[in-house]
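> If you scroll down you'll find the structure; I have some questions about it.
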Amino acid sequence: MAVLIGMALLSAARADKLIVYSSADADALDSFAKAFAKAHPQVAVEWVRASTGVLQKRMLEEREALKADVIFAHTAANMIELDKLGLLQALQPTGLERVGGRYLDTQDPPRWIGLYTWSTAMCWNTAGTTQSKLERPKTWQDLLKPALKGRVVMPDPVYSGTGAMMVTGWVRTLGEAKAWAFMDQLHQQVSQYTRSGSKPCEMAAAGQTQLGLSFPGRGARIKEAGGAIDVLIPEDGTAWDLQAIAVNRKTRKQAEAMKLVEWALSTPAMEAFARYGEVTSVKVRVQKLPHLPPNIPERMIAQDFDWLSSQRARILGEWQKRYAGKTEPAP
């Protein structure tokens, strides 16, 4: 039942288990796995987690013989890329009619189904603010102020889906030229690019940086645990993506795979997702994480997943050419 961290551990997976790949945050995935096991104890699952970029790279390498039966809580833009390679099957599960149209693949039947959104945020260290008298940023442009030089940590978008959301979001809202000009200046402010979308927020809470660019759910959980941070949503818009579910077209565990898909569309599952994501694809009433900013939905930028899927690799390739020298070493 435990979530496996890292793709190398997949070799230990038993052949009789449903293999599920996911790029969900580790503690979120552990919670989802426990909820599914409670609902369907008869389905043995090997949950395999990796960061978004690492997981997508592995699936592209496995395209001729994809090991996963189900791809769960992985970004919609990446699902579109997998579908273009013919890896995903059409889905018509019970409960599909409950999902809002903006959260579905545009094909009929869909090849992927959105489950919940997650977006971008800033984690601002509050312990040292009084001493340094720094002004907390209200917009992305505020990150360029001289006082924040060397005080910003950001996820590397090649490895982190959160980082990729930020970079593609800036390109989408500012346009290519202005976005690269902004990132050229931001690069001078950044002390390090991390391989995890969570780590910048964790570093801010630990006092290792003043500002960590991350995602709201991680920040809210860190603050709830006593971390000395505030979670800020930029006034000039937050990029967002869908965590979606899809099934390998060649799976030999069709019945078990569909149990996971149909469970993911159920009210109990959506209630579980709502505790980690900002918006679920099926509306449910559940207590949100304390400290989660209330203004996220209205600050979410206009999103086009087809554009994101077609442009992401090019944009991230250019980012890597320009800025990869500050990425933290591989563990």
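The values are calculated or read from the model by the stated rules, or taken from the named source; none is laboratory data. Computed from a predicted structure; not experimentally measured. Quick reminder, even Gly has a Cβ in these numbers, built from the backbone with ideal geometry, and neighbours come from all protein chains shown. Areas reflect the complete protein model, heavy atoms only, side chains present, ligands, DNA and RNA absent. Shrake-Rupley method; radii C 1.70, N 1.55, O 1.52, S 1.80 Å.
> Please report the accessible area of TYR323 (heavy atoms, 1.4 Å probe, ligands and nucleic acids excluded) in Å², nearest 10.
About 10 Å², rounded to the nearest 10.
> Shifting gears a bit: Using θ = phi - 60° and the Karplus relation 6.51 cos²θ - 1.76 cosθ + 1.60, list the HN-Hα couplings for segment 101-111 in order, rounded to whole Hz, with x at every Gly or Pro.
x, 5, 9, 10, 3, 6, 6, 10, x, x, 9
> Is the shape of segment 26-125 rounded, prolate or oblate, going by the alpha carbon gyration tensor and its root eigenvalues a ≥ b ≥ c, with a/c under 1.5 for rounded and a/b larger than b/c for prolate?
Verdict is rounded for segment 26-125.
> At a Cα cut-off below 20 Å, give the aspartates and glutamates reachable from LYS17, other chains included and same-chain residues fewer than 8 away excluded.
Within the straight-line limit of under 20 Å, LYS17 reaches these aspartates and glutamates: ASP30, GLU46, GLU62, ASP69, GLU256, GLU262.
> At 1.4 Å probe size, with the rest of the protein present, what percent of the exposed accessible area of segment 4-124 is carbon and sulfur atoms?
52
> Rounded to the nearest 10 Å², what accessible area does VAL286 have for a 1.4 Å probe in the complete protein model?
Its accessible surface works out to 40 Å², give or take rounding.
> Based on the mean of other beta carbon atoms within 10 Å per residue, what is the order of 170-180, 199-209, 91-101, most packed first?
Details: 170-180: 16.6, 199-209: 22.9, 91-101: 14.1.
In descending order of packing, they fall as 199-209, 170-180, 91-101.
> What percent antiparallel are the DSSP beta bridges of the chain, to the nearest 5?
55
> Efficiency by 1/(1 + (r/R0)^6): what FRET value for GLU61 and LYS133, r their Cβ-Cβ distance, R0 = 56 Å, to the nearest 0.05? All intermediate terms of the calculation are to be shown ahead of the outcome.
Details: r = 50 Å, r/R0 = 0.88.
Efficiency at R0 = 56 Å is approximately 0.70.
> Would you list PHE36, PHE305 from the most to the least accessible area, probe 1.4 Å?
Largest accessible area first, the residues go PHE305, PHE36.
> I need the phi-derived Karplus couplings for segment 284-299: 6.51 cos²θ - 1.76 cosθ + 1.60, θ = phi - 60°, integer Hz, Gly and Pro marked x.
Along segment 284-299, the couplings run 9, 9, 8, 5, 6, 4, x, 6, 7, x, x, 9, 5, x, 6, 9 Hz.
> Here is a further query. Whenever you get a sec, line up ASP16, ASP236 from highest to lowest accessible area (probe 1.4 Å, protein heavy atoms).
ASP16, ASP236
> Give the lysines reachable from LYS199 as a straight Cα distance under 28 Å; neighbours fewer than 8 places away on the same chain don't count.
By straight Cα distance, LYS199 reaches LYS34, LYS57, LYS133, LYS138, LYS145, LYS149, LYS178, LYS223, LYS288, LYS321, LYS326.
> Could I ask something else about it? Using a 1.4 angstrom probe on heavy atoms only, work out the carbon and sulfur share of the accessible area of segment 212-331 in %. Provide the component values of the computation, followed by the final result.
Numbers: 2680 of 5450 Å².
C and S fraction of accessible area: 49 percent.
> What net charge do the residues around ASN295 carry, taking every other residue with its C-beta under 11 Å from that of ASN295, with Lys and Arg at +1 and Asp and Glu at -1?
-2
> Sum up the charges of everything whose Cβ sits under 10 Å from the Cβ of SER214, counting Lys and Arg as +1 and Asp and Glu as -1, but leave SER214 out.
+1
> Also, quick follow-up: Restricting to Cα pairs below 8 Å that are 6+ residues apart, what does the relative contact order work out to for segment 172-223? Please round to a whole percent.
26 percent.
> So, one more: Sequence-distant or interchain residues sharing an amide H contact under 5 Å with TYR116, placed H: which?
GLN243, SER281
> Give the lysines reachable from LYS283 as a straight Cα distance under 21 Å; neighbours fewer than 8 places away on the same chain don't count.
Once the sequence-local lysines are set aside, what remains near LYS283 is LYS259.
> For n ≥ 4 DSSP H runs only, could you compute -39500 (n - 2.57) per run for the chain, divide by its residues and tell me the 222 nm figure to the nearest 500?
-11000 deg cm²/dmol
> Please compute the per residue accessible area over the chain with all protein chains in place, 1.4 Å probe, rounded to a whole number of Å².
42
> Kindly report, to the nearest 10 Å², the accessible surface of HIS291 as traced by a 1.4 Å probe over protein heavy atoms only.
90
> Now for a separate question. At ARG249 and ALA147, where each label point lies 7 Å from the Cα along Cα→Cβ, what is the point-to-point distance in nanometres?
According to this spin-label approximation, the distance is 5.5 nm.
> With no solvent and one equal point scatterer per Cα, compute the Debye intensity ratio I(q)/I(0) for the chain at 0.12 Å⁻¹ and report its log10, rounded to two decimals.
-0.80
> List the residues whose amide H sits under 5 Å from the amide H of ILE229, counting only those 5 or more places along or on another chain, with H placed 1.01 Å from N in the peptide plane.
THR126
> Once Lys and Arg get +1 and Asp and Glu get -1 on their Cβ, which of GLN189, ASN125, ALA177 lies farthest toward the positive end of the dipole of segment 114-199?
ASN125
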